[in-house]
1. Can you run phi through the Karplus equation (6.51, -1.76, 1.60; θ = phi - 60°) for the stretch 65-78 and list ³J(HN,Hα) in whole Hz, with x for Gly and Pro?
2. Separation between the residue 66 and residue 98 pseudo-spin-labels, each 7 Å from Cα along Cα→Cβ, expressed in nm?
3. Set the Förster radius R0 to 30 Å, insert the Cβ-Cβ distance between residue 44 and residue 12 as r into 1/(1 + (r/R0)^6), and round the FRET efficiency to 0.05.
4. Please give the length that would be gained between residue 29 and residue 107 if that part of the chain were fully extended, namely 0.36 nm times their separation in residues minus their C-alpha to C-alpha distance (nm, one decimal).
Amino acid sequence: MFLIGAISFADIETELRRSADVMLLLLGMMMITAVTQRVGVYEHFAERSARLERGSGTLLTAIVFILGAVVTTVFSLVVMLIVVTPIVYSIAVRRRLKPMPFMFACTFVANINSLLLPISNLNQISSSSTI
């Protein structure tokens, strides 16, 4: 922000202190996401979900909604979109299904479930703290 002139050099320390909690939260979420992804948690749930669908695109969509609801609630919208969505895409392609409906399902469920979380919209939090 300093480089583009949005804040002065004197305001850097103040802004770092004010945004430290959000930055630490995001850092923690990235660390949790990296560990759970490396261990294979998301791939495990996605493959298990794909086995449950038994060739039914409708059932797979319902499973994507349930999986998305759990992941978004436990982790965050970002984890759902960045980690789970590509896995769901690969499963749809492997099952010879059109992937686009599943991509919409991932986005929709992540957005809806994130509204239930107190940290669902970081822009709203940061703008309300400046008022």
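The numbers here are math on the coordinates, done by the rules we state, and not lab data. For clarity, every value in this text was computed on a predicted model and none was experimentally measured. Glycine also receives a Cβ, built like all others from the backbone with ideal geometry; neighbour counts cover every protein chain displayed.
1. With coefficients 6.51, -1.76 and 1.60, one gets 4, 5, 4, x, 5, 5, 4, 5, 5, 6, 9, 5, 4, 5 Hz.
2. Roughly 2.5 nm, to one decimal.
3. Here the calculated transfer efficiency is 0.10.
4. Working it through step by step, the gained length comes to 26.2 nm.
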